[in-house]
1. Quick one: Kirkwood hydrodynamic radius for chain A, alpha-carbon pairs, angstrom, one decimal?
2. Between the stretch A:302-326 and the stretch A:102-120, how many Å separate their Cα centres?
3. Give me the lysines in straight-line cross-link reach of residue A:166: C-alpha distance below 23 Å, same-chain residues under 8 apart excluded.
4. Suppose every Lys and Arg Cβ carries +1 and every Asp and Glu Cβ carries -1, with no other charges. What dipole size does chain B come out with about its Cα centre, to the nearest 20 debye?
5. For the stretch A:236-286, count the residues as N, evaluate 2.2 N^0.38 Å, and divide the Cα radius of gyration by that value, please.
6. Tell me the net charge near residue B:75. Cut-off is 14 Å between Cβ atoms, residue B:75 excluded, with +1 for each Lys or Arg and -1 for each Asp or Glu.
7. I'd like the Karplus ³J(HN,Hα) series for the stretch A:152-158: coefficients 6.51, -1.76, 1.60, θ = phi - 60°, whole numbers in Hz, and an x wherever there's a Gly or Pro.
8. For the pair residue B:263 and residue B:336, how long in nm is the line joining their label points, each one 7 Å along Cα→Cβ?
There are 2 protein chains.
Amino acid sequence: MVKKSMLAALLAMSMTVGSASAMSKPVTIKDQGSFLAGGTVVSAPGEYDGTKPANLDGETLHGDHAYVFYQKPVKAHKYGLVFLHGAGQSAKTWETTPDGRDGFQNIFLERGYSTYLVDQPRRGKAGRSTVPEKISATPDDQLWYNTFRIGQWPDYYENAQVPRDKESLDQFFRQMTPNTGAFNNEVIADAMAAVFEKSGDGVLVTHSQGGGPGWYTAIRTDKVRGIVAMEPGAFPFPEGEVPEVEATSSPFPAKGEAIPMKDFLKLTKIPIVVYYGDNIPSEPTDNWGQDNWRVRLNLARKWAAVINRYGGDATIVHLPEIGVYGNTHFLFADLNNVQIANLMEKWMKDKGLAK
Amino acid sequence: MVKKSMLAALLAMSMTVGSASAMSKPVTIKDQGSFLAGGTVVSAPGEYDGTKPANLDGETLHGDHAYVFYQKPVKAHKYGLVFLHGAGQSAKTWETTPDGRDGFQNIFLERGYSTYLVDQPRRGKAGRSTVPEKISATPDDQLWYNTFRIGQWPDYYENAQVPRDKESLDQFFRQMTPNTGAFNNEVIADAMAAVFEKSGDGVLVTHSQGGGPGWYTAIRTDKVRGIVAMEPGAFPFPEGEVPEVEATSSPFPAKGEAIPMKDFLKLTKIPIVVYYGDNIPSEPTDNWGQDNWRVRLNLARKWAAVINRYGGDATIVHLPEIGVYGNTHFLFADLNNVQIANLMEKWMKDKGLAK
């Protein structure tokens, strides 16, 4: 009897390991590929002279574009999903999770959605920048571990929806990839608008810092039919209506940005949902990794109130308030990411975006 | 009659345009995903203190890994293909061509091969480097245009197997992406060996500068069952057998690298094929973009002779010599890339690598 149950346990373990690196079901791809979108061209001064390779006078540089890898399953839904990562990340964010499960790329592909995974200008495969940059290679894994609310290093939050093994943490840290040029909302939003020209009408899914250029993308193009923002960090308000900056123990204050009313009003024309995870306290705390998100959740609520006051449709979902616990800043990769995908897809259905 | 043939012509045109952005046939994917492989961890001096976010003492940095996106079709061949890009490029090299056709990623996926597309350490989505770097954003498109044998800027070589439209050239230039840390053969080969630990036995396909670390990868792991090198630029010779450096008008001389005989002999245990394209002259020329490859092709021939003298199986294919004309440095993306894929697959079949 003991032997049999051990065998069953081993079998269950091996099945878990096996399925960890496999899609939950095969998917037939009608089309997939990649492209660069948007960007600019700059030129060196002087006149081009091709006879001397060391002379770069008058040469050009194509930079500040976005990189996109897309996949279209057979019988795809009408609207594709365009994914924009957060700070220090690339499109890898949405791919296989650190512990080898399906990320949102595969989950939504399996559900019949076309997916467009973006590396923003000056990041990842879209690294060619029109401005120079110094990469410091400063060790700061723990700064991000705390800011991303995995826990307080070296501890995990007790309910954190993350694997606890060393290899998964290693994979997580290695997802980071540096800027190859300064982060710039306008540069990113310009390129993202060009992405939507190629993808066609779709839903924009942003994470964290990507939320900022995400709003500006929707202001630039009406091909953004809805926005799902995962723990965005910045919000644009109409000029004159920017809230005061709240004090925080985080090194990254949450500041509203002032934009013209005519731009702001464009954000009232599409449905928007914003998700925040767990371990975000309601009162100020010296735990700066948590306090970073307390002030952002507060700002998000103020922002949604303004959007809705002007006739918009913005919903802020603080997951613990609907009984979903333990989510980190990477809710779409957490152990319960299928549950998060279900919530997101239900919202899309409710808003007519899952056609 | 005229009307009908015009209609037919228009229809044919629209079909061409349509198929340009589509796979040649749907593919059912059994599994796909991404992972980071290899790399190291460095630590800042001092003791970690989590109470002050601005204090980065004692923090860690995980860097120098490779990034891999893989896809496994149903009923896949036994050996997968692991693709390593060249200088200034990322895995984008192997994806959709600049004019929107299938690259080697899709071509071989459609033929039933599992594919592993690598961003090498300190490049693309594997940008996190353990060493600092300055990115200069120097305009140098024309340096690369000439070096890659598209033509002599602004002209195309008359027989160049590349599209002539502006948009394709724009896409081509935007594929470039900078180093985020110094190029290092050892760092890359270490990470590539870790990639093969995860991919299992397979065929390594390298391009250009990737050829160098490719040889060192095969020296590190016997999971590399064969190598296809597209216009490699560097070759390792046994100590004492490195040829003299040939004079060239190119700013990049072709130098053999000395390695221990016991390492060199490992390269004699697997089949190797090396392809070079067109517009590589046999005599020295002031056209430095062409001369760069004249000296490399010469070095490749000397290298293959040494490999074969020690019992190996290396074949150098200069494509015009077998009647294939007009190929640039990016032969796997050129207009005739299906023909190149056919040559490569036939070689794999001959060597028992297409099982």
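Each reported figure results from applying straightforward, stated rules to the coordinates on display, with no laboratory input. These numbers were taken from a predicted model, which means no experiment stands behind them. We place every Cβ from the backbone using ideal geometry, glycine too, and count neighbours over all the protein chains shown.
1. Hydrodynamic radius (Kirkwood, Cα pairs) of chain A is 21.5 Å.
2. 24
3. Correct list for residue A:166: A:92, B:125, B:198.
4. 1420
5. My calculation over the Cα atoms of the stretch A:236-286 gives 1.44.
6. Numbers: positive: B:30, B:72, B:78, B:111, B:355; negative: B:31, B:110.
Net of charged neighbours comes to +3.
7. For the stretch A:152-158, the Karplus-derived couplings read 10, 3, x, 8, 8, 4, 3 Hz, x marking Gly and Pro.
8. The two pseudo-label positions are separated by 3.7 nm.
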